[in-house]
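Notes follow the structure.
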Amino acid sequence: MDDAKIVELYWSRSEQAIAETESKYGKYCRTISNNILADTSDAEECVNDTYLKAWNSMPTHRPSRLAPYLGKLTRWLSLNRLRDNDCLKRGNGELPLVLDELAETLDSGFDTEKELEIKELNREIRRLLDDLKKEERDVFLGRYWYMASIAEIAEKSGYTESKVKTMLHRTRRKLLKQLQEEGLC
């Protein structure tokens, strides 16, 4: 079933919307949540919470692309669960590694609480992603959006782990330069 029909099911308050979402995007959402939490039961709860959040948000919001919308909800709920459980050692240790890698790019005085700076940072990251080749973008998003391990990215992309690390390093350097030029770092 295509996304527009699934969204229409949500808008018409049909419970079939959940079943269709699970059928089409369940594995996708579980992968995101498992990469963050590394706990199948917590991940499953987050995926179910994603469906509930989608159910509650659809009557007022109509996403044009369902996969990124569900992915964003799943990621947000999983990160909240991780924070709430105070368990940074979970997630196969990838979350602290991912955050450390990005910390090199961001100035330690960067105040993430300021809404304007967050929006500017998001805009610059989107601009960077638009300028990257598809392969670089896929590797960057795999690591920093889906929080996949270097090994997982290498396996999926067909690159060596060394190549993935190099690509990530170069992309972070591009991001740092771009942020410095914009005065965000």
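Summary of values
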| quantity | calculated |
| --- | --- |
| Residue 147, sole failed condition from (1) within 19 Å of residue 31 (Cα to Cα); (2) part of a helix (DSSP H, G or I) | (2) |
| Qualifying residue in the stretch 29-47 (condition: of a type in the set (Lys, Arg), open to solvent by 20 Å² or more (accessible area, probe 1.4 Å), in contact (Cβ under 8 Å) with a residue 12 or more places away in the chain and farther than 19 Å from residue 149 by Cα) | no |
| Filter pass, residue 65 being under 23 Å from residue 144 (Cα atoms) and free of Cβ contacts under 8 Å to residues at least 24 places away in the same chain | no |
| Among residues of the stretch 158-175, those that are open to solvent by 50 Å² or more (accessible area, probe 1.4 Å) and not aromatic (Phe, Trp, Tyr), counted | 11 |
| Those residues of the stretch 5-23 which are open to solvent by 70 Å² or more (accessible area, probe 1.4 Å) and free of Cβ contacts under 8 Å to residues at least 24 places away in the same chain, in sequence order | 5, 8, 12, 15, 16, 23 |
| Which listed residue is modelled with pLDDT of 90 or more, surrounded by fewer than 16 Cβ atoms within 10 Å (Cβ to Cβ) and farther than 25 Å from residue 25 by Cα, from 119, 133, 89 | 133 |
| For residue 105: the one exception among (1) open to solvent by less than 100 Å² (accessible area, probe 1.4 Å); (2) modelled with pLDDT under 90; (3) more than 15 Å from residue 145 (Cα to Cα); (4) in contact with a Ser or Thr (Cβ under 7 Å, 6 or more places away or on another chain) | (4) |
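The values are calculated or read from the model by the stated rules, or taken from the named source; none is laboratory data. Quick caveat: nothing in here was measured; it's all calculated off a predicted structure. Reconstructed Cβ throughout: ideal geometry from the backbone, glycine too, with neighbour counts over all protein chains shown. Quick note on the areas: whole protein, heavy atoms, side chains included, nothing else; ligands and nucleic acids left out. Shrake-Rupley method; radii C 1.70, N 1.55, O 1.52, S 1.80 Å.
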